[in-house]
Structures are given as C-alpha cells and as structure tokens.
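Undergrad: Pasting in a structure now, in structure tokens, and then I'll have a few things to ask.
The values are calculated or read from the model by the stated rules, or taken from the named source; none is laboratory data. Because the structure is a prediction, the values reported are computed rather than measured. With ideal geometry, Cβ positions are generated from the backbone for all residues, glycine too; neighbour counts draw on all protein chains shown.
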Amino acid sequence: MLDQHLLMKLLFFAINKNNRFGFTFDISAANLLKAAQGYLSLLGQFDDGTEVVTRVINKSVAYAQQNIARVTDEQSKELEPYESLEILSTWFDKMSRNDPWLISHLIGEYVT
C-alpha cells in the first residue's frame, strides 16, 4: 500500500485495523482526506519529481509565516488541564475497548 501511495488505506486498514486507536472523524474530514489523496495521486502522474508540489508547499508555508495572525484562529483558547484530561481519558477508553492488548502495552510502558 505504501508503494502505491495509498496512505489512507494503510492508516485505516493496516495500522488502525478495527479502529484500535479509537480515532473518530466526521464525514467531511474523511471526504477531504480522500480528495487530498486523489489530488496527490493525480499530481504524481504529472509531477514525477515533485517540483510543483515542493514549490506550492514552500509558497504556502512562506505565506503562513508572513500572515500568521490571519491563518490562525485568534479566538482559540488553551484547554484547561481538566479538559485535556477528559479528552485523553475518552480516547484511552475507546482504545481500551477496541484493542485491550494495545492499551495494556501503552500503559505498561509508562507504569514500569
């Protein structure tokens, strides 16, 4: 899958098989990722050396650096510690239900 640039398939059907990591996506995010992968596959047909993609990414990053206030959400707030813990707790709960072996090994790494 990696050789064929099927990154979404690799993520969802190999690495995250049976949603072992408990990821959740809304349908618009999944559609956007699918469209991005399709675009990159199509672009790969015309831009073998990735010169075009490299230039576009460099210009995009330069624009973002120069206009950081416009490209970031100034209304965003930092999470309170209890909000962060709630998010992590919910995620670990999903992971433990989807793949008990994985969560036991993750926890075991930090407990010992």
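Undergrad: Just checking, does the stretch 73-81 include any residue being modelled with pLDDT of 80 or more and exposed (fewer than 11 other Cβ atoms within 10 Å of the Cβ)?
TA: Step one: list which residues in the stretch 73-81 are modelled with pLDDT of 80 or more, which gives 80-81.
Subset that is exposed (fewer than 11 other Cβ atoms within 10 Å of the Cβ): 80-81.
Yes, some residue in the stretch 73-81 is modelled with pLDDT of 80 or more and exposed (fewer than 11 other Cβ atoms within 10 Å of the Cβ).
Undergrad: Restricting to helices (runs of 4 or more DSSP H) lying wholly in the stretch 32-107: which have 3 or more residues that are among the β-branched types (Val, Ile, Thr)?
TA: 51-66
Undergrad: If we scan the stretch 28-47, do we find a residue that is small (Gly, Ala, Ser), farther than 30 Å from Pro100 by Cβ, in contact with a helix residue (DSSP H, G or I) (Cβ under 6 Å, 6 or more places away or on another chain) and at pLDDT 75 or above?
TA: Checked the stretch 28-47: no residue is small (Gly, Ala, Ser), farther than 30 Å from Pro100 by Cβ, in contact with a helix residue (DSSP H, G or I) (Cβ under 6 Å, 6 or more places away or on another chain) and at pLDDT 75 or above.
Undergrad: Any idea how many residues of the stretch 9-23 are free of Cβ contacts under 8 Å to residues at least 12 places away in the same chain and part of a loop (DSSP other than H, G, I, E, B)?
TA: 2
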